[in-house]
Amino acid sequence: MSPTTCPKCGRPVESMPGEPANFCTRCGTPTTSDAVRERIVDLMLQGIRDDMRKAVERLEHDEPEKYGRLAAIIAGGSG
C-alpha cells in the first residue's frame, strides 16, 4: 500500500499498516479517492430519486387532483 498524501496540506497521511487512511492526521481533510467520492454521490442521488419517486406515487394515489395539476404544470399546461 503506497502512502497517501493529503490533498490539502500535501503531507503524508499516517495510517495503520493494511488500513486505509480516511483523514489526514494533521489537518483532518478527507483522503477519499475520486472513485469513492463519485460512488458516494451516485448512491446519494439514487436515494434522492427513489424518495422523490415514492413521494410522487403517494401524491398520485392520495391526492389525484394535486397530482394532475402538478403533471399539467410539468407538461407545460396552466394547471
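The values are calculated or read from the model by the stated rules, or taken from the named source; none is laboratory data. All figures in this text were calculated on a predicted structure; none of them were measured in a lab. Heads up, the Cβs are rebuilt from the backbone with ideal geometry, glycines too, and the neighbour counts pull from every protein chain shown. Each accessible area value is taken on the protein alone, full model and side chains, heavy atoms only, with ligands, DNA and RNA left out. Shrake-Rupley method; radii C 1.70, N 1.55, O 1.52, S 1.80 Å.
Brief remarks on what is shown
- Loop trypsin sites (Lys or Arg not before Pro), the chain, which have at most 16 other Cβ atoms in a 10 Å radius of their Cβ (DSSP): LYS8, ARG26
- Net charge of the neighbourhood of ARG26, taken over other residues with C-beta under 13 Å away and scored Lys/Arg +1, Asp/Glu -1, is +1.
- Most mobile listed residue (GLY68, GLY28, GLY18) in the chain, GNM with C-alpha springs under 10 Å: GLY18
- Segment VAL36-ALA75, length gained on full extension (0.36 nm per residue, minus Cα span): 10.4 nm
- Residue-wise HN-Hα coupling along region 63-69, computed from phi with Karplus coefficients 6.51, -1.76, 1.60 (Hz; x: Gly, Pro): 9, x, 5, 5, 4, x, 5
- Between THR29 and GLU65, full extension at 0.36 nm per residue minus the direct alpha carbon distance yields a gain of 8.1 nm.
- With DNA, RNA and ligands ignored, accessible area of THR25 (1.4 Å probe; Å², nearest 10): 80 Å²
- Rolling a 1.4 Å probe over the protein heavy atoms gives the chain an accessible area of 83 Å² per residue.
- Accessible surface of MET44 - all protein chains present, 1.4 Å probe, nearest 10 Å²: 120 Å²
- MRE, 222 nm, helices only [DSSP H, n ≥ 4, -39500 (n - 2.57), over the chain, to nearest 500]: -17500 deg cm²/dmol
- Correct choice for Cα extents along the principal axes in Å that was computed from the model, options (1) 33, 27, 20; (2) 39, 22, 21; (3) 60, 23, 18: (3)
- Here's how it looks for PHE23: its modeled amide H is under 5 Å from those of THR31, which are all 5 or more places away or on a different chain.
- Accessible area of LEU45 (1.4 Å probe, protein heavy atoms only, ligands and nucleic acids ignored): about 80 Å².
- Surface share of carbon and sulfur [accessible, 1.4 angstrom probe, percent] for the chain: 57 percent
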